[in-house]
6 protein chains.
Amino acid sequence: MEMSARNRLKGTVKSLKEDGLMAQVTVELPDGQSITSIITRDAAQALSLQQGDTVYAIIKSTEVMIGK
Amino acid sequence: MEMSARNRLKGTVKSLKEDGLMAQVTVELPDGQSITSIITRDAAQALSLQQGDTVYAIIKSTEVMIGK
Amino acid sequence: MEMSARNRLKGTVKSLKEDGLMAQVTVELPDGQSITSIITRDAAQALSLQQGDTVYAIIKSTEVMIGK
Amino acid sequence: MEMSARNRLKGTVKSLKEDGLMAQVTVELPDGQSITSIITRDAAQALSLQQGDTVYAIIKSTEVMIGK
Amino acid sequence: MEMSARNRLKGTVKSLKEDGLMAQVTVELPDGQSITSIITRDAAQALSLQQGDTVYAIIKSTEVMIGK
Amino acid sequence: MEMSARNRLKGTVKSLKEDGLMAQVTVELPDGQSITSIITRDAAQALSLQQGDTVYAIIKSTEVMIGK
């Protein structure tokens, strides 16, 4: 399935924390920067996410702000 | 001012389009991946954004999805 | 690619309007209810969306409110 | 009060989980598809949500992505 | 209908701009601060918004960041 | 760093709850209205937020709905 979300940043799962209903996933990008995602625990388990996995951080463009 | 948004990805403005109320900014990251942002035209003009500017793509972690 | 977004509602494109940087897509669900999406024009064109297409409305669960 | 959010999908609360600060509500639509919402526990309790309740899943159109 | 969104800030429409698919509404709060909203033009017209209207700025709590 | 997010509402931290991965911050505005924010616990701790702090509630304009 192709998706409208313009942003798909490829990286590696650096850390994964699950607690209660939520999960916090930190993804390291090739340039060393990292991006943190908050998803549901159900979603993290459905993707059977693990440290070291190659994943994509997916972000709808209307959710991205710019700082300068 | 420090901000709660966990994600601040440093990059360079690759393209900037303004049309009506909105502006579309594409930021190239050091690893060659790029991220597109939709902000208001007012915001783009307040930041006097230009191609080649060093900027940060700022994203609240609850807005980041994961694909695998 | 599997995605963390929990919500994928299957429906049919009822209307598609493109104007400036944005596109407005209305998707009719099997039960007659419809859901409106605002995406970028680039995204609508990349998906070559057309009226009558079978599509999925994808929504991160943290973006869904409840009314009662 | 009338609201700007274009999307109000009527359905029935299928499941409700509360844990820590958050609550996860799954709403079944008439066509059998379901939609998951993450709200605060405070909000779930203020609405005194219960399984079987008729509710609306409310989503701002800028938060809806399209997959094809 | 009661809503899960925790934030309903009462104020007055200070300005309203419609262009293409979108509308930009600026709401002045009693303390003089103002809040800008981007909604669809359809939504603005459905609410028949006008300068001077008493309205509420409604924001899901997961969308609010903190700066210090 | 200047940010594209148009909305920065100045107020005082009225309450702060941390539980699991998340934190709930309630900010009181000068006019007595309050705004609730859900951020990560990491973010709340990085800002060393405390009751009584002067802070800003920061909201991207595409996340603000209007009720009338």
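The values are calculated or read from the model by the stated rules, or taken from the named source; none is laboratory data. Quantities reported herein were computed from a predicted structural model and do not represent experimental measurements. A quick note on method: Cβ atoms are made from the backbone with ideal geometry, for glycine too, and the neighbour counts reach across all protein chains shown.
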Does region D:12-24 contain any residue that is of a type outside the set (Val, Ile, Thr) and over 30 Å from F:Arg41 (Cα atoms)?
-> no
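For region F:6-24, how many residues are within 14 Å of chain A (Cβ to nearest Cβ) and of a type outside the set (D, E, K, R)? Even if it seems obvious, please write down each step before you answer.
Initially, region F:6-24 is screened for residues within 14 Å of chain A (Cβ to nearest Cβ), giving F:6-8, F:17-24.
This time we only want the ones that are of a type outside the set (D, E, K, R), so: F:7, F:20-24.
Looking only at that region, the number is 6.
Looking only at region A:22-68, count every residue that is in contact (Cβ under 8 Å) with a residue 40 or more places away in the chain and within 20 Å of D:Ser37 (Cα to Cα) and tell me the total.
Kept after step one, since they are in contact (Cβ under 8 Å) with a residue 40 or more places away in the chain, are these residues of region A:22-68: A:52-61, A:64.
Okay, now just the ones that are also within 20 Å of D:Ser37 (Cα to Cα), so A:58-60.
Looking only at that region, the number is 3.
Those residues that are among the hydroxyl-bearing types (Ser, Thr, Tyr) and in contact with a strand residue (DSSP E or B) (Cβ under 8 Å, 6 or more places away or on another chain), I need them from region C:3-58; list them, please.
First, the residues of region C:3-58 that are among the hydroxyl-bearing types (Ser, Thr, Tyr): C:4, C:12, C:15, C:26, C:34, C:36-37, C:40, C:48, C:54, C:56.
If the condition is that a residue be among the hydroxyl-bearing types (Ser, Thr, Tyr) and in contact with a strand residue (DSSP E or B) (Cβ under 8 Å, 6 or more places away or on another chain), then C:Ser4, C:Thr12, C:Ser15, C:Thr26, C:Ser34, C:Thr36, C:Ser37, C:Thr40, C:Thr54, C:Tyr56 are the ones that fit.
Given the criteria out of contact with any Phe, Trp or Tyr (no Cβ under 8 Å at 6 or more places or on another chain) and crowded, with 16+ Cβ neighbours inside 10 Å, does E:Thr62 qualify?
Values: out of contact with any Phe, Trp or Tyr (no Cβ under 8 Å at 6 or more places or on another chain): yes; crowded, with 16+ Cβ neighbours inside 10 Å: yes.
Here the answer is yes, as E:Thr62 does meet what is asked.
Picking from D:Thr40, D:Thr54, D:Thr36, which residue would you name as being surrounded by fewer than 17 Cβ atoms within 10 Å (Cβ to Cβ) and β-branched (Val, Ile, Thr)? Don't jump to the end; show me each part of the working.
Working: D:Thr40 fails: surrounded by fewer than 17 Cβ atoms within 10 Å (Cβ to Cβ); D:Thr36 fails: surrounded by fewer than 17 Cβ atoms within 10 Å (Cβ to Cβ).
Only one candidate passes the filter, namely D:Thr54.
Take the residues in region A:25-68 that are of a type in the set (Gly, Ala, Ser) and facing chain B (nearest Cβ under 7 Å), then tell me which one is farthest from B:Asn7 (Cα to Cα). Before you say what the answer is, go through the steps one by one.
If we filter region A:25-68 for residues that are of a type in the set (Gly, Ala, Ser), which is where we start, we get A:32, A:34, A:37, A:43-44, A:46, A:48, A:52, A:57, A:61, A:67.
After this cut, where a residue has to be facing chain B (nearest Cβ under 7 Å) as well, the list is A:37, A:57, A:61, A:67.
Numbers: A:Ser37: 9, A:Ala57: 11, A:Ser61: 14, A:Gly67: 11 Å.
My answer is A:Ser61.
To keep it simple, each residue is scored yes or no on (1) at pLDDT below 95; (2) under 27 Å from F:Lys10 (Cβ atoms); (3) touching a Lys or Arg at 6+ places or on another chain (Cβ under 8 Å); (4) not aliphatic (A, V, I, L, M).
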site	(1), (2), (3), (4)
B:Asn7	no, yes, yes, yes
B:Lys10	no, no, no, yes
B:Gln33	no, no, yes, yes
B:Ser37	no, yes, no, yes
B:Ala44	no, yes, no, no
B:Lys60	no, yes, yes, yes
B:Glu63	no, yes, yes, yes
B:Gly67	no, no, yes, yes
Which of (1) touching a Leu at 6+ places or on another chain (Cβ under 9 Å); (2) buried (at least 21 other Cβ atoms within 10 Å of the Cβ) does E:Arg6 not meet, given it meets every other one?
-> (1)
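Of A:Gln45, A:Gln51, A:Gln33, A:Gln24, which residue is farther than 14 Å from B:Ser61 by Cα and in contact with a Ser or Thr (Cβ under 7 Å, 6 or more places away or on another chain)? So that I can check it myself, show each step before the final result.
Values: A:Gln45 fails: in contact with a Ser or Thr (Cβ under 7 Å, 6 or more places away or on another chain); A:Gln33 fails: in contact with a Ser or Thr (Cβ under 7 Å, 6 or more places away or on another chain); A:Gln24 fails: farther than 14 Å from B:Ser61 by Cα.
Only one candidate qualifies: A:Gln51.
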